[in-house]
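Peer 1: Below is one structure. I have some questions about it.
The values are calculated or read from the model by the stated rules, or taken from the named source; none is laboratory data. Just so it is clear, the structure is predicted and the values come from calculations on it, not from any experiment. Don't worry about glycine lacking a Cβ; one is built from the backbone with ideal geometry, like all the others, and counts go over all protein chains shown.
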Amino acid sequence: MDQKDTPKVYWFKAKKYGYGWSMPCSWQGWVFMIAWLLALLLMWTCLPLTNLQQVHTLLCFLGITWGMCMLLLIVCYFKGEPAGWRWGEK
């Protein structure tokens, strides 16, 4: 069977209105989303959030959050439906 014959399974559907992706639409997407959320929460709990006044802790918190968001966008870009502006049903 040729790779062209197999339909591509998207992990994330494109949003109905606007630009981007909505909630996961396959089991792979749900597994990734749950693992992503758990990893983000775990990293947040490992930081001493009571001491966010220190520059090092604040930068570490913001860096982890930014990196995790970039990871989510990259996975959505490669595993989701093609992005584009949408204004409802065609």
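Peer 1: Report, by residue number, each residue of region 60-82 that is exposed (fewer than 14 other Cβ atoms within 10 Å of the Cβ) and either within 19 Å of Val9 (Cβ to Cβ) or in contact with a strand residue (DSSP E or B) (Cβ under 7 Å, 6 or more places away or on another chain) (or both).
Peer 2: Ile74, Tyr77, Phe78, Pro82
Peer 1: Pairs please, first residue from region 66-90 and acidic (Asp, Glu), second anywhere and surrounded by 15 or more Cβ atoms within 10 Å (Cβ to Cβ) and modelled with pLDDT of 85 or more, Cβ atoms under 8 Å, 6+ apart in sequence or on different chains.
Peer 2: Close Cβ pairs satisfying both conditions: Glu81/Tyr10; Glu81/Phe12; Glu81/Lys13; Glu81/Trp21.
Peer 1: Same structure again: Which residues, taken from region 1-42, are modelled with pLDDT under 85 and either of a type in the set (D, E, K, R) or farther than 22 Å from Tyr77 by Cα (or both)?
Peer 2: Met1, Asp2, Lys4, Asp5, Lys8, Lys15, Lys16
Peer 1: Now for a different question. Gln53 passes all but one of (1) in a helix (DSSP H, G or I); (2) modelled with pLDDT under 85; which number fails?
Peer 2: Among (1) in a helix (DSSP H, G or I); (2) modelled with pLDDT under 85, Gln53 violates only (1).
Peer 1: Among all residue pairs at least 6 apart or on different chains, which show Cβ distances below 8 Å where the first residue, located in region 27-46, is farther than 27 Å from Leu58 by Cα and the second is assigned to a helix (DSSP H, G or I) and of a type in the set (Lys, Arg)?
Peer 2: Matching pairs, first to second residue: Gln28/Lys79; Gly29/Lys79.
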